[in-house]
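In what follows, a single structure is set out as structure tokens and then discussed.
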Amino acid sequence: MKFWLEQSFRIFIIWALVGSTAAAQAQEASSVSFFADHSFKVIEGRCADVAVSGSATKSGSTFTAQNLTIQCSIPRMTTGNRNRDSNMWEMLGYPQVQQITVLVPSASAKAGKAPVSFVVRMHGKEKSMTSDMNFEEQSGSVVVSGDFTVSLAEYDVTPPKLLMLKVGDAVLVRFRIAVPVQGK
């Protein structure tokens, strides 16, 4: 009996390590970047740490993602300029607001493009949106990618001024999210 308990424990540990490795690889494969217009140039930034949770399955050629939560920590959002970054964090409500969250209750598609409905939580507000997203399988994960535009005014965020000129209200968000396929 002791032998079987030891073997079961070893199998569980290996399973846990393999599962957490797949989740960590998917986390590393995820990225979020954002672009805002300024009179002199396009300001480009990214979220250094993207937290992804939820599940994905594949049946035939159809991918299904359930309860996806994508979180971007506000102090991990960078544009390459510390002053601009601290102004951006303050504008987004940091430190009272710690993150921007995108919720995807359910998405199903064959490989290729499909419309997906989701909710963006930012600055204490929520807004439902729909955007075309690309679905593909890559290294045991469903990779969902695409972009959408956020209006800062719809979240009661006042665009910052840089050199006495305001940054535009529309921010383009581009993403690539990897979710491990369950059962692989």
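The values are calculated or read from the model by the stated rules, or taken from the named source; none is laboratory data. The model shown is predicted, which means the values in this text are computed figures rather than measured ones. Every residue, glycine as well, gets a Cβ built from its backbone with ideal geometry; the counts of neighbours run over all protein chains shown.
Some points to look at:
- Residues of segment 45-99 that are surrounded by 14 or more Cβ atoms within 10 Å (Cβ to Cβ), assigned to a helix (DSSP H, G or I) and not β-branched (Val, Ile, Thr): 75, 76, 84, 85, 87, 88, 89, 91.
- Residue within segment 156-165 that is farther than 20 Å from residue 46 by Cβ, at pLDDT 95 or above and among the hydroxyl-bearing types (Ser, Thr, Tyr) present: no
- Test: residue in segment 145-155 that is within 19 Å of residue 54 (Cβ to Cβ), polar (S, T, N, Q) and surrounded by fewer than 17 Cβ atoms within 10 Å (Cβ to Cβ): yes
- Here 140, 80 are screened, and the one residue that is out of contact with any His (no Cβ under 8 Å at 6 or more places or on another chain), within 21 Å of residue 30 (Cβ to Cβ) and either in contact (Cβ under 8 Å) with a residue 40 or more places away in the chain or acidic (Asp, Glu) (or both) is 140.
- Subset of segment 119-137 (residues that are in contact (Cβ under 8 Å) with a residue 40 or more places away in the chain and either of a type in the set (A, V, I, L, M) or surrounded by fewer than 19 Cβ atoms within 10 Å (Cβ to Cβ) (or both)): 137
- Options 84, 76: the member that is farther than 19 Å from residue 129 by Cα, of a type in the set (Lys, Arg) and modelled with pLDDT of 95 or more: 76
Here is a yes/no grid of residues against (1) farther than 26 Å from residue 56 by Cβ; (2) charged (D, E, K, R); (3) not in a strand (DSSP E or B):
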| site | (1), (2), (3) |
| --- | --- |
| 109 | no, no, no |
| 114 | no, no, no |
| 119 | no, no, no |
| 135 | no, no, no |
| 142 | no, no, no |
| 147 | no, yes, no |
| 157 | yes, no, yes |
| 171 | yes, no, no |
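- Residue 107 fulfils the conditions (1) surrounded by 17 or more Cβ atoms within 10 Å (Cβ to Cβ); (2) under 23 Å from residue 73 (Cα atoms); (3) under 15 Å from the mean Cα position of the chain (by Cα) except for a single criterion, (2).
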